[in-house]
Amino acid sequence: MNPTRVMVVDDHPMWREGVARDLTEAGFLVVATSGEGRQAIRVAAAARPDVVVLDLQLPDISGVEVILGLRAALPDVRVLMLSASGEQQSVLDAVKAGATGYLVKSTAPAEFLDAVRRTAAGNAVFTPGLAGLVLGEYRRLAAGPGQGPDPTGGADPATPRLTDRETEVLRLVAKGMSYKQIAQRLGLSHRTVQNHVQNTLGKLQLHNRVELTRYAIERGLDD
């Protein structure tokens, strides 16, 4: 199995090099590093990382702008924010732009490396306390007008229909359960659960588990 390809973007050289070293020692393939946002977008397009570990504060453009640029260049890339800031608005802005997860820099090294693995697998990873914040914001947005009660969009023929099993898996994803937990709950293999999630992502034209969770919450599937 090929190692996960990771790019590290941070404007502090010692921190950037330390993170890259920890990743390499843990078996990841660090394909690039950068200290500036615009450079990071250009380099990522050529290096094609699976995961970008990104600082929020950069000297030229914001981390949010970098996320948008990365997603435009590499739609399937997963972005894990690693920032000194744990402010609510910073977290929400990053996630809305397309970040898969968000950790503060005080996170222990072992937790960080596990978070990179989970991000590469498509899981939404957040520093404790931030996951509830993000889900709460999704619920607030879902409370706005125009949300239909049918999770599969039955009233709209343009909306792809999910199978009963896909909807069941989606409901458990919205509750924050891991693939392993979902597999145990439903008596399925881990790979089967992954296949259901990938099929659902494809049908709904979503890119990652964060977007899938938001989709499910907007349709009341987390109740």
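Solvent-accessible surface (1.4 Å probe) assigned to Ile41 amounts to roughly 40 Å². Taking the charge dipole of segment 1-87 about its Cα centre, with +1 at Lys and Arg Cβ atoms and -1 at Asp and Glu Cβ atoms, the residue from Ala84, Ile61, Val43 reaching farthest to the positive side is Val43.
Taking all protein chains together and a 1.4 Å probe, the residues Lys96, Lys105, Lys180 rank Lys180, Lys96, Lys105 from largest to smallest accessible area. With an a/c value of 1.5 or above and a/b not larger than b/c for the gyration tensor axes a ≥ b ≥ c computed over the alpha-carbon atoms, segment 1-70 is described as oblate. Could you compute the net charge surrounding Gly18? Neighbours are other residues with a C-beta less than 14 Å from the C-beta of Gly18; K and R count +1, D and E count -1. Here the charged neighbours net out to -3.
From largest accessible area down, sort Leu56, Leu206; use a 1.4 Å probe on the protein chains. Don't skip to the answer; put the middle values down first.
Working: Leu56 15, Leu206 40 Å².
Per-residue accessible area, sorted high to low, gives Leu206, Leu56.
Going by accessible area, probe 1.4 Å, with all protein chains left in place, what is the ranking of Arg161, Arg71, Arg171, largest first? Numbers along the way, then the final one.
Details: Arg161 140, Arg71 35, Arg171 90 Å².
Largest accessible area first, the residues go Arg161, Arg171, Arg71.
Note on Arg165 and Ser106: the model spin-label points, each 7 Å out from Cα along the C-beta direction, lie 4.5 nm apart.
The values are calculated or read from the model by the stated rules, or taken from the named source; none is laboratory data. What you are looking at is a predicted structure, and each value in this text was computed from that prediction instead of being measured. Glycine also receives a Cβ, built like all others from the backbone with ideal geometry; neighbour counts cover every protein chain displayed. Please note that ligands, DNA and RNA were not included when accessible areas were found on the heavy atoms of the full protein model with its side chains. Shrake-Rupley method; radii C 1.70, N 1.55, O 1.52, S 1.80 Å.
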